[in-house]
1. Considering only segment A:171-228, how many residues are at pLDDT below 90 and away from chain B (no Cβ under 12 Å)?
2. Considering A:ASP130, A:ASP42, A:ASP88, A:ASP113, which residue is surrounded by 14 or more Cβ atoms within 10 Å (Cβ to Cβ), on the phi > 0 side of the Ramachandran plot and not β-branched (Val, Ile, Thr)?
3. Within segment A:184-195, can one find any residue that is open to solvent by 20 Å² or more (accessible area, probe 1.4 Å) and assigned to a strand (DSSP E or B)?
4. In segment A:266-279, how many are within 14 Å of another protein chain (Cβ to nearest Cβ), open to solvent by less than 20 Å² (accessible area, probe 1.4 Å) and among the small types (Gly, Ala, Ser)?
5. Out of A:ILE284, A:ILE305, which single residue is out of contact with any Cys (no Cβ under 8 Å at 6 or more places or on another chain) and within 14 Å of chain B (Cβ to nearest Cβ)?
6. Please go through segment A:163-183 and pick out each residue that is surrounded by fewer than 18 Cβ atoms within 10 Å (Cβ to Cβ) and acidic (Asp, Glu).
7. Do we have any residue at all in segment A:213-235 that's touching a helix residue (DSSP H, G or I) at 6+ places or on another chain (Cβ under 6 Å), among the β-branched types (Val, Ile, Thr) and farther than 20 Å from A:PHE149 by Cβ?
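The values are calculated or read from the model by the stated rules, or taken from the named source; none is laboratory data. All values reported here derive from a predicted model rather than from experimental measurement. Every residue, glycine among them, receives a Cβ derived from its backbone with ideal geometry; neighbour counts consider all protein chains shown. Note: areas computed on protein heavy atoms with side chains; ligands, DNA, RNA excluded. Shrake-Rupley method; radii C 1.70, N 1.55, O 1.52, S 1.80 Å.
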Amino acid sequence: MKSKHLLIMTLIISFFSSCTKEEDSTSENMREVVETLWKYIDENYVYFDYKSINWESKRSYYLNKVKDPISEDSLFAICSAMIGELKDGHNFLNNGKKIYKYDYTKDFNIKFDLGLIKSKYLRSAFKSEDHFTYGIINDTIGYIHYEKFKNGSYFNEIIRFFKEKEVKKIIIDIRDNRGGQAEIAQNMIGYFIEKPTIVGYIIHKNGVKHSNYSAKIELKAEPKSLYFDKSVRVLTNRKSYSASSYFAGMMNHLPNVKLVGQITGGGGGAAASFELPNGWVVGITSNFFLDAKNSHIENGVKPIIEIENSSADIVNQQDKMLETTIDN
Amino acid sequence: MTNQLLFWFFTLTITINLDAQSKTSNAYWMNHGVAFPSTKETHYTSKYRNGIGYTFQIGYDKQTSRSITGLSFMFLYSSQGKKNISYSTILRPEVKYEFLKSTSRSGLKVGGYYDIGTVLNFRRGIWSIENGINYTIWSSLGFSTQYSKHIKYKEKCIDWNTEFSIPVLSYLIRPSYTFPYTDNYLENEVFNFDRSGLGKSIITGGKLVTLDKFIYLGFQTGVSIPSKNKFWEFGLRYSFKFTQTNEVKPMHQTIHEISFLTKILN
């Protein structure tokens, strides 16, 4: 008899334990959305200390904005403004209709035209493969423009080609390259080193406190069988973001390498995403990269030779940034 | 190091248990039906996602007078939510060994069990998210009970089986705080930027936990009718699974399932 009761009890408990009511998003408490967003950022964002952000003060500031019911658009604007406080291009908010991202390029003059390089500097003798565009300038300089860090294996063919042509210098142009897979950036370093080299570190958030970080994890580049031992120039602009900044930060400390152009966009981490109570998805940077000298790249990697194109330069069919790189 | 020893201890234990049994009966089974999952994986969401979906399971049981050794694999595909609908695939492979002793009450057996199980949650929404894959892997020792009764109805023999189990001590593997990797995966000499070292790091990256940190309740009841030649068995089964981890970023999941069962007996 007792076991019968036990069975009935178990059945009842099992049914009730799963009856967690899913909240209707039309009646969502907007304060709960703001509160959850604030808390998720508080427990997962990695740059509070580096950027000297007083996050505690933001909580009441933004909660006060949703004292009364507001429209969904207004709530999106409030949440976006809160995320914008972090000034981080990796962070995002997606409500299914629109996406908010912080614009790290505003206030910068960014002028780049790949068509101009193809026609004027490469004299239409170029090849495009797997997001790479490459050719030879003035018979002695190998030029590569990499559009995004994706499918990087073709880089090997390009280096082989340049070695066969006995170029004296390679220019790796990552202007307007918004990033991609950071692993590719690390892999590409292998063509410019003779021995295994530490090119940076990754640190992850591993607890709820702002100071909870994992130990530094070494990123080591392994040398490739094809070694290019001559000068390398990396050409950047403010739209060189994320994996591009990683690449610039890794290359920056190699002996034959010089960075030329405009400060990169930064983006020294990767975002983990999370669903808010109303179904919106937020992405927040939850790990970060340090270069080989333990410097952050979040706010951009500064080239040793700084130069930028003006609108007039492009109109006049001149890429001063590239010309400076050729001359240096 | 401790974690690696524990892992190998559990693995060896089940291997020995599997070999130690005297063969009595074997059953291959398959069931399919409808499932109602409710999941809150706080690694990527702040809310429960209730859904309805299709489930399919295959398994193998070897039964002696005192033990049941089973392998099973559950596939569940469901749509979740009323707004911003997402789709979820849940995979639950499990290996379980139960040692059961008959009690004075006819048909009632009680005992312990050891299992290795996994819940893999794959989420696909209307837009992509970075960490849409999550996992819980466990290896548990716990209590188990089974009640079976033969019922005669219109000269037909119907089997009624009910099972319940709860873990006491588990080796639990969950993703690291911010990414779907274990904490150990982030340590020096373990972490590999190309992620090739993931498998080993996950296995050795767990923690030994008790009931307050990890609960996995399994309950199922059902009736089945054997065929005349006793080679087949057909039935209807209700099953309930409740999984909860209480680590820094917890996971809660309940699954109700009603399914048709087909068994091949040997």
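1. Of the residues in segment A:171-228, 1 are at pLDDT below 90 and away from chain B (no Cβ under 12 Å).
2. Numbers: A:ASP42 fails: on the phi > 0 side of the Ramachandran plot; A:ASP88 fails: on the phi > 0 side of the Ramachandran plot; A:ASP113 fails: on the phi > 0 side of the Ramachandran plot.
Going through A:ASP130, A:ASP42, A:ASP88, A:ASP113 in turn, the sole match is A:ASP130.
3. The answer is no, given that none of the residues of segment A:184-195 is open to solvent by 20 Å² or more (accessible area, probe 1.4 Å) and assigned to a strand (DSSP E or B).
4. Result for segment A:266-279: 5.
5. Details: A:ILE305 fails: within 14 Å of chain B (Cβ to nearest Cβ).
Within the list A:ILE284, A:ILE305, the selection yields A:ILE284.
6. The answer is A:GLU164, A:GLU166, A:GLU183.
7. For segment A:213-235, residues touching a helix residue (DSSP H, G or I) at 6+ places or on another chain (Cβ under 6 Å), among the β-branched types (Val, Ile, Thr) and farther than 20 Å from A:PHE149 by Cβ: absent.
Okay, residues lined up against (1) aromatic (Phe, Trp, Tyr); (2) part of a strand (DSSP E or B); (3) in contact (Cβ under 8 Å) with a residue 12 or more places away in the chain:
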| residue | (1), (2), (3) |
| --- | --- |
| B:LEU208 | no, yes, yes |
| B:TYR216 | yes, yes, yes |
| B:VAL223 | no, yes, yes |
| B:GLY235 | no, yes, yes |
| B:LYS249 | no, no, yes |
| B:HIS252 | no, yes, yes |
| B:SER259 | no, yes, yes |
